[in-house]
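Structure provided below as structure tokens; questions to follow.
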Amino acid sequence: MQLKLKSFSRETTCLHTNVSVRVAVMSLPAPLVIKGSAQNRQVVTAVKPADTSKLPICCRRGHFLHGPYPATHFGPKACVLPNPTSVMHIQDPASQRLTWSKPPLNVLVIRKIRDETLLEPFKELCRFLVEEKHLMVYVEKKVVDDGSLMRDDSFSAIRNQLCTFREGFDDISDCIDLIICLGGDGTLLYASSLFQGSVPPVMAFHLGSLGFLTPFKFESFRTEVDKVFEGNAAIILRSRLKVKVVKGTFQKNEQLLSAQENGILPHNHINNEAGKITLQLQVLNEVVVDRGPSSYLSNVDLYLDGRLITSVQGDGVIVSTPTGSTAYAAAAGASMIHPNVPAIMVTPICPHSLSFRPIVVPAGVELMITLSPDARNTAWVSFDGRKRQEIQHGDSIKITTSCFPVPSICCHDLVYDWFDSLAQCLHWNVRKKQTRLTDASDSSETEN
């Protein structure tokens, strides 16, 4: 969520989805109300400072998941240089609550395809949304055209009322109020790819194989959907990566090579005539750059805000969000980051170095990946496992944190859901417990 401070701790304006979120500002929750169209949605809140004058100094700070806003004065004379363009982070993630400015009318249902076990849950959910909730339900055309669904005469009346769309042909980003996913984590990734701007709230039911990002059980879907429509549900804002693939931007000359040795890019390294953005995406999990079918090591350069940080020699590199830190990055040895931590993780894939460890960088930086000048082969890049393409000399991949997160609805809360997924899906820290000492003699022998 982007915050724009109009007056100090009085009024805050932020861009978000078509829902409002109740947040705690400093130490007091404040309701948010949506204003504007789908193209220019904004949330406005009035902040009223809490009266903490009667509390001890050590007790004035509330319970926040983020640390307190740091002091900007250091000693009697030193302070941080004032910057009018800086953004103050004052939102408490623990108090992110979903509410509706208007009742939702249009619901997108995403079902995992090629899975016959999801046919009955899909029909049951559609009947509930159309007949009982009187909502407009959108589904993908290939889901409606499924042979098993077409042969079911009892479902024909509901099927005729469903609105269909085709990925890449129909734009539904401005008419969806809520997304419901039936399947595994892939359905949530697919839902994210359909919305390259503002994303509606996502409610994901665990009907797939892993289900790390799908906290809801379908057995109680009526109760859970009713709770969401009533509002006041906990949500977690899953940050995404804004990725640009630019073809032919780097000049292959001696000036660039000498500048790379010093770790600084020259100002004229971009060729505006040759540079062309061929792809721009919002990525929820990760961007993977690998060696593809080549038998040689991948050799790519990693830049941070225009400065060469390191060269990656190995099978490749993963740039992931906190949400993606539990996916491919975790398999490559990275740490797992809670989705509310504002960060970008860089993880090498089988690096040919004993000291190359995964790193975490601030969410606001821009990363750039290019082929090293002395690379023996090209590289390949994929985005959440899709749209794989080849990267050649002169091409670049620019990555930064997007201002359009995915508001994922929590089953319990954003802390419990994450640790529950770690335990249930990844079996985090599962170990047979050590037995206690029951004999006094054993205890004395151990002490001796």
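The values are calculated or read from the model by the stated rules, or taken from the named source; none is laboratory data. Keep in mind that what you see is a predicted model, and the values were worked out from it rather than measured. Note that we place each Cβ from the backbone using ideal geometry, even for glycine, and neighbour counts take in every protein chain shown. Heavy atoms of the whole protein, side chains included, go into the accessibility calculation; ligands, DNA and RNA do not. Shrake-Rupley method; radii C 1.70, N 1.55, O 1.52, S 1.80 Å.
Give the residue that is farthest from the chain's Cα centre (by Cα), with candidates limited to residues of the range 304-360 that are assigned to a strand (DSSP E or B) and farther than 21 Å from A375 by Cα.
It comes out as I359.
When the residues of the range 204-214 are narrowed to those that are small (G, A, S) and in a loop (DSSP other than H, G, I, E, B), which ends up modelled with the highest pLDDT?
For the range 204-214, the residue satisfying everything is G211.
Within the range 263-286, can you find the residues that are open to solvent by 60 Å² or more (accessible area, probe 1.4 Å), at pLDDT 50 or above and more than 19 Å from the chain's Cα centre (by Cα)?
Within the range 263-286, I264, K276, I277, T278 meet the criteria.
Could I ask something else about it? For the range 191-198, state whether one or more residues are of a type in the set (A, V, I, L, M), open to solvent by 10 Å² or more (accessible area, probe 1.4 Å), closer than 14 Å to V109 by Cα and under 13 Å from the mean Cα position of the chain (by Cα).
no
Moving to a separate point now. Can you go through S402, S335, S372 and tell me which one is hydroxyl-bearing (S, T, Y), under 21 Å from Q196 (Cα atoms) and either outside the structural domain of V199 (by the TED database) or buried (at least 16 other Cβ atoms within 10 Å of the Cβ) (or both)?
S402
Here is a further query. If I ask for residues that are of a type in the set (S, T, N, Q) and open to solvent by 80 Å² or more (accessible area, probe 1.4 Å), which ones from the range 108-150 would you list?
T117 - this is the single residue of the range 108-150 that is of a type in the set (S, T, N, Q) and open to solvent by 80 Å² or more (accessible area, probe 1.4 Å).
Now a separate question. Just the residues that are of a type in the set (A, V, I, L, M) and modelled with pLDDT of 90 or more, please, taken from the range 79-126.
Once the filter is applied, which keeps residues that are of a type in the set (A, V, I, L, M) and modelled with pLDDT of 90 or more, the range 79-126 yields L105, V107, L108, V109, I110, L118, L119, L125.
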